[in-house]
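Asks: I have a structure I would like to understand better, so I am pasting it below and will then ask my questions one at a time.
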Amino acid sequence: MESQHTIAREASRSGPGVHSGKAARLVIRPAAAGEGVAFIRSDLGGARIPASALAAETPGMGTNLNGEGGASVATVEHFLAACAGAGIDNLVAELDGPELPILDGSSKNFVELIEEAGLAAQSAPRKRLKILKPVEVRDGVKFARLSPHEGFAASIVIDFGAGPIGRQALSFAMTPGSFAREIAWARTFGFARDAEAARAAGKALGASLDNTIVVDGDAIRNPGGLRAPDEFVRHKMLDVIGDMFLAGGPIDGLYEAEQPGHLMNNRLLREVFGDPSAFAWTSA
């Protein structure tokens with residue numbers, strides 16, 4: 001039997017959110033078997049916000065969640081990707097602000113946070129979302145698809161035309177330790193040409209060269225450059241993994257996409273859950 005897991009002890013990190021620019025302290029705590037992952041807004045009277053695809057909004061620059069009494073939490077995908085990579089099923093993430101800290105713009109610091117807290121096996125069996133038939137959503141040339149597969153694997157393509165990103169492809173299989181080695185360190189990115197408009201819209205107020213790869217024409221502004229030539233597509237894979245965590249359990253399925261994004265990822269999960277013949281919950 002594959003057991004559910006939570007964390008062994010409390011741990012925390014603090015920092016500004018990439019969009020709000022507001023500082024927040026994230027404290028992770030163990031949760032009982034079967035409770036899943038939930039966010040608690042301590043600054044809003046302890047309002048609970050479930051990590052669920054059906055509670056998600058995807059405004060285009062991140063994945064946000066809505067919960068009790070209109071409470072919300074923004075930019076959850078990097079943290080949830082770390083939970084997926086670590087094999088977390090149950091956890092309480094308490095936050096005293098509106099958005100997860102961006103930290104270095106990747107999941108690396110969240111992986112280290114979970115490692116600091118340690119893992120604890122629980123007596124309940126782990127539930128998995130088994131994909132029974134292909135389900136797909138499309139938007140022009142863009143698409144995202146889940147198909148039957150043993151375990152979780154993903155294959156994605158991004159295409160930004162000319163420039164330092166260009167067209168990049170990546171395949172990934174979730175195995176013990178693979179997320180931390182191959183994906184977690186890839187940082188979010190943005191374009192210098194979009195910065196003014198984003199800030200005018202109340203976005204990217206906490207973005208800086210410390211937490212975002214900035215593409216300026218054919219150049220990378222960050223003094224240290226890239227962590228890998230394909231860091232861009234690796235970060236897109238990170239986003240996919242974080243968004244798919246909102247299924248409520250690890251997925252037994254193959255995810256394939258051309259130019260994926262948060263909105264399409266959420267549409268895909270909602271499409272799956274809208275067709276009872278497309279999935280089944282199983283215990284490993």
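Asks: So which residues in region 187-218 are charged (D, E, K, R), under 23 Å from Ser107 (Cα atoms) and either open to solvent by 70 Å² or more (accessible area, probe 1.4 Å) or touching a Phe, Trp or Tyr at 6+ places or on another chain (Cβ under 6 Å) (or both)? Working first, answer last.
Replies: Step one: list which residues in region 187-218 are charged (D, E, K, R), which gives 187, 193-194, 196, 199, 203, 210, 216, 218.
So of that shortlist, the ones also under 23 Å from Ser107 (Cα atoms) come out as 187, 203, 210.
Asp210 - this is the single residue of region 187-218 that is charged (D, E, K, R), under 23 Å from Ser107 (Cα atoms) and either open to solvent by 70 Å² or more (accessible area, probe 1.4 Å) or touching a Phe, Trp or Tyr at 6+ places or on another chain (Cβ under 6 Å) (or both).
Asks: Now for a separate question. Within region 105-119, can you find the residues that are in contact with a Leu (Cβ under 9 Å, 6 or more places away or on another chain), assigned to a helix (DSSP H, G or I) and either closer than 17 Å to Arg227 by Cα or basic (Lys, Arg) (or both)?
Replies: Listed by number, the list holds a single entry, Asn109.
Asks: I've got another one for you. Looking only at region 109-121, which residues are surrounded by fewer than 19 Cβ atoms within 10 Å (Cβ to Cβ) and either of a type in the set (S, T, N, Q) or free of Cβ contacts under 8 Å to residues at least 60 places away in the same chain (or both)? Before you say what the answer is, go through the steps one by one.
Replies: Our first condition is that a residue be surrounded by fewer than 19 Cβ atoms within 10 Å (Cβ to Cβ); within region 109-121, this holds for 112, 115-116, 118-121.
Once the filter is applied, which keeps residues that are surrounded by fewer than 19 Cβ atoms within 10 Å (Cβ to Cβ) and either of a type in the set (S, T, N, Q) or free of Cβ contacts under 8 Å to residues at least 60 places away in the same chain (or both), region 109-121 yields Glu112, Glu115.
Asks: So which of Glu35, Glu77 ends up being under 15 Å from Gln4 (Cβ atoms) and acidic (Asp, Glu)? Break it down into steps so the answer makes sense when it comes.
Replies: Working: Glu77 fails: under 15 Å from Gln4 (Cβ atoms).
It is Glu35.
Asks: A follow-up question, please. Can you tell me which residues in region 1-49 are of a type in the set (S, T, N, Q), over 28 Å from Phe273 (Cα atoms), assigned to a strand (DSSP E or B) and open to solvent by less than 50 Å² (accessible area, probe 1.4 Å)?
Replies: Ser12
Asks: So, one more: In region 55-100, which residue that is open to solvent by 20 Å² or more (accessible area, probe 1.4 Å) and modelled with pLDDT under 95 is farthest from Ile183 (Cα to Cα)?
Replies: For region 55-100, the residue satisfying everything is Gly69.
Asks: Of everything in region 219-262 that's farther than 21 Å from Gly85 by Cβ and part of a strand (DSSP E or B), which residue is least open to solvent (accessible area, probe 1.4 Å)?
Replies: Glu258
Asks: Return yes when Arg270 is within 25 Å of Leu91 (Cα to Cα), charged (D, E, K, R) and outside any loop (DSSP other than H, G, I, E, B) and no when it is not.
Replies: Numbers: within 25 Å of Leu91 (Cα to Cα): yes; charged (D, E, K, R): yes; outside any loop (DSSP other than H, G, I, E, B): yes.
It is true that Arg270 is within 25 Å of Leu91 (Cα to Cα), charged (D, E, K, R) and outside any loop (DSSP other than H, G, I, E, B).
Asks: Do you know which residues across region 243-275 are out of contact with any helix residue (DSSP H, G or I) (no Cβ under 8 Å at 6 or more places or on another chain) and polar (S, T, N, Q)?
Replies: Once the filter is applied, which keeps residues that are out of contact with any helix residue (DSSP H, G or I) (no Cβ under 8 Å at 6 or more places or on another chain) and polar (S, T, N, Q), region 243-275 yields only Gln259.
Asks: Please verify whether Ser52 is surrounded by fewer than 17 Cβ atoms within 10 Å (Cβ to Cβ) and either of a type in the set (Ser, Thr, Tyr) or farther than 25 Å from Thr188 by Cα (or both), treating the condition exactly as stated.
Replies: Taking the combined requirement at face value, the residue does not satisfy it.
Asks: Restricted to region 123-141, and to residues that are open to solvent by 80 Å² or more (accessible area, probe 1.4 Å) and basic (Lys, Arg), which residue is farthest from Ser52 (Cα to Cα)?
Replies: If we filter region 123-141 for residues that are open to solvent by 80 Å² or more (accessible area, probe 1.4 Å), which is where we start, we get 123, 127, 132, 134, 138-139, 141.
Then drop every residue that is not basic (Lys, Arg), which leaves 127, 138.
On the way: Lys127: 15, Arg138: 22 Å.
Ranking the qualifying residues of region 123-141, first place goes to Arg138.
The values are calculated or read from the model by the stated rules, or taken from the named source; none is laboratory data. All values reported here derive from a predicted model rather than from experimental measurement. Backbone-built Cβ (ideal geometry, glycine too); neighbour counts: all protein chains shown. Calculation scope for accessible area: heavy atoms of the full protein, side chains included, ligands and nucleic acids excluded. Shrake-Rupley method; radii C 1.70, N 1.55, O 1.52, S 1.80 Å.
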